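Below is one structure; the comments refer to it alone.
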């Protein structure tokens, strides 16, 4: 691909790209990945507490859909991602980190103190805005400091935390269930604590070296490179490197240009058709199971824990060891096929059958963990250069969450009127699209430097 006039050639990041994977890479990634913990934790906390809020405030199906649509699972996250995506490219990744989790903590406090549905909606919206700002920024930062042969491994840690968050939240929900609504507030209190701790830890992170270079500060790159390569001094820059690079303009104009338009057309449907099934599962599964009378609340929570745990197994056993050195298209196609089978199974067999429910959970959990969701994250950061990487992440997230939010508006009513079979058909076919498109046209980016993709 032809290099942009505003982009670096990549030669100044050879030491960074070829560095051995060290503890500092894992530590920085872990701190950044706490945003994924809070994102998925918010979604599942909302889902796990939904039946309690319904009983307490006598919520109608339409109001349930409204809460889901504008919560951390939907439209407010899209707005946060769209705004902060561009701000992260203009003012830096650390600029977003300086405020977003404090805003998230404020939203959690509103939910904890809620005395009516209006406060719930406001609290969920504020939390959604914050995680929408945080997660795309975290992915950009991780990709920009990761060694090229280990980028997939480090990015996969964000998936692990996206699954650990719900497991912790669901276990806390089961533990605090006897306390009723007070237990729900304690669950959200745990998210408040994690948000504050994460905000404090992130103060130790340095700015992305690639962003610094693109903003005309090559002299500031050395500190980050020295830390990440654990050398007392960074390697000398090539003579061909300009001493004062042109400031990158970036922005939505460049994102929607002919150069990147095809990439957007490729990845937007993949994001959208993944986000709808995953969001449905994360927020609505306990409610759906309860509505259909298939399982008790404790049973549905246990099945969700099994789902997230099985995805972690898929990541640890298959994705993390092999994704940086095998055919990613094949991995993606197999992953999406397993996810499709999980939902098409519910078309022909009743969800009330425990064996069917467990098979559904395992197929979807292991299926997404071995490739689909981690690869979508990796491709989304790899397909766009540094000057628009955060803008692109924010835009993709906004499209995914708006689509999920609109879907969420109608899902409770549709499920109640038609049952889950039509929904299962739609979700299964979404994954068939992913099998075909991702399996045939997925980008071959494994092991390559960002500037060469």
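From the residues in the range 114-136 that are in contact with a helix residue (DSSP H, G or I) (Cβ under 7 Å, 6 or more places away or on another chain) and not in a helix (DSSP H, G or I), which one is nearest to residue 41 (Cα to Cα)? So, considering only residues that are in contact with a helix residue (DSSP H, G or I) (Cβ under 7 Å, 6 or more places away or on another chain) and not in a helix (DSSP H, G or I), the one nearest to residue 41 (Cα to Cα) is 114. Among the candidates 269, 321, 277, the residue that is part of a helix (DSSP H, G or I), within 19 Å of residue 402 (Cβ to Cβ) and modelled with pLDDT under 95 is uniquely 277. Each residue in the range 312-329 was checked for being in contact with a helix residue (DSSP H, G or I) (Cβ under 7 Å, 6 or more places away or on another chain) and over 12 Å from residue 157 (Cα atoms), and 7 pass. Could you go through the range 404-424 and let me know if any residue there is at pLDDT 95 or above and either farther than 25 Å from residue 301 by Cβ or crowded, with 20+ Cβ neighbours inside 10 Å (or both). Scanning the range 404-424, I find no residue that is at pLDDT 95 or above and either farther than 25 Å from residue 301 by Cβ or crowded, with 20+ Cβ neighbours inside 10 Å (or both), so the answer is no. Against the definition (closer than 15 Å to residue 369 by Cβ and either surrounded by fewer than 17 Cβ atoms within 10 Å (Cβ to Cβ) or free of Cβ contacts under 8 Å to residues at least 60 places away in the same chain (or both)), how does residue 316 come out, yes or no? It is true that residue 316 is closer than 15 Å to residue 369 by Cβ and either surrounded by fewer than 17 Cβ atoms within 10 Å (Cβ to Cβ) or free of Cβ contacts under 8 Å to residues at least 60 places away in the same chain (or both). Could we say that residue 247 is assigned to a helix (DSSP H, G or I) and either within 22 Å of the chain's Cα centre (by Cα) or at pLDDT below 85 (or both) here? When the stated conditions are applied, residue 247 does not pass them. Against the conditions (1) free of Cβ contacts under 8 Å to residues at least 40 places away in the same chain; (2) surrounded by fewer than 16 Cβ atoms within 10 Å (Cβ to Cβ); (3) touching a helix residue (DSSP H, G or I) at 6+ places or on another chain (Cβ under 7 Å), residue 363 satisfies every one except (2). Highlighted here are the helices (runs of 4 or more DSSP H) found entirely within the range 11-87 that include at least 3 residues which are touching a residue at least 12 places away in the same chain (Cβ under 8 Å) and under 17 Å from the mean Cα position of the chain (by Cα): 23-48.
For the range 77-95, a residue qualifies if it is under 23 Å from residue 402 (Cβ atoms) and either in contact with a strand residue (DSSP E or B) (Cβ under 8 Å, 6 or more places away or on another chain) or surrounded by fewer than 24 Cβ atoms within 10 Å (Cβ to Cβ) (or both), and the qualifying residues are 79, 82, 83, 86, 87, 90. Could you list, in sequence order, all residues of the range 99-110 that are surrounded by fewer than 24 Cβ atoms within 10 Å (Cβ to Cβ), touching a residue at least 60 places away in the same chain (Cβ under 8 Å) and either within 27 Å of residue 389 (Cβ to Cβ) or out of contact with any helix residue (DSSP H, G or I) (no Cβ under 8 Å at 6 or more places or on another chain) (or both)? Within the range 99-110, 102, 105 qualify. Counted as qualifying within the range 137-244 are the helices (runs of 4 or more DSSP H) with 2 or more residues that are buried (at least 23 other Cβ atoms within 10 Å of the Cβ) and modelled with pLDDT of 90 or more, namely 151-176, 181-202, 209-214.
Report, by residue number, each residue of the range 406-430 that is within 12 Å of residue 277 (Cα to Cα) and in contact with a helix residue (DSSP H, G or I) (Cβ under 8 Å, 6 or more places away or on another chain). So that I can check it myself, show each step before the final result.
First pass over the range 406-430, keeping only residues within 12 Å of residue 277 (Cα to Cα): 407-408, 411, 423-430.
If the condition is that a residue be within 12 Å of residue 277 (Cα to Cα) and in contact with a helix residue (DSSP H, G or I) (Cβ under 8 Å, 6 or more places away or on another chain), then 407, 408, 411, 423, 424, 425, 427, 428, 429, 430 are the ones that fit.
The values are calculated or read from the model by the stated rules, or taken from the named source; none is laboratory data. Just so it is clear, the model here is predicted, and its values are computed rather than measured. Counting neighbours? That spans all protein chains shown, and the Cβs are built from the backbone with ideal geometry, glycine included.
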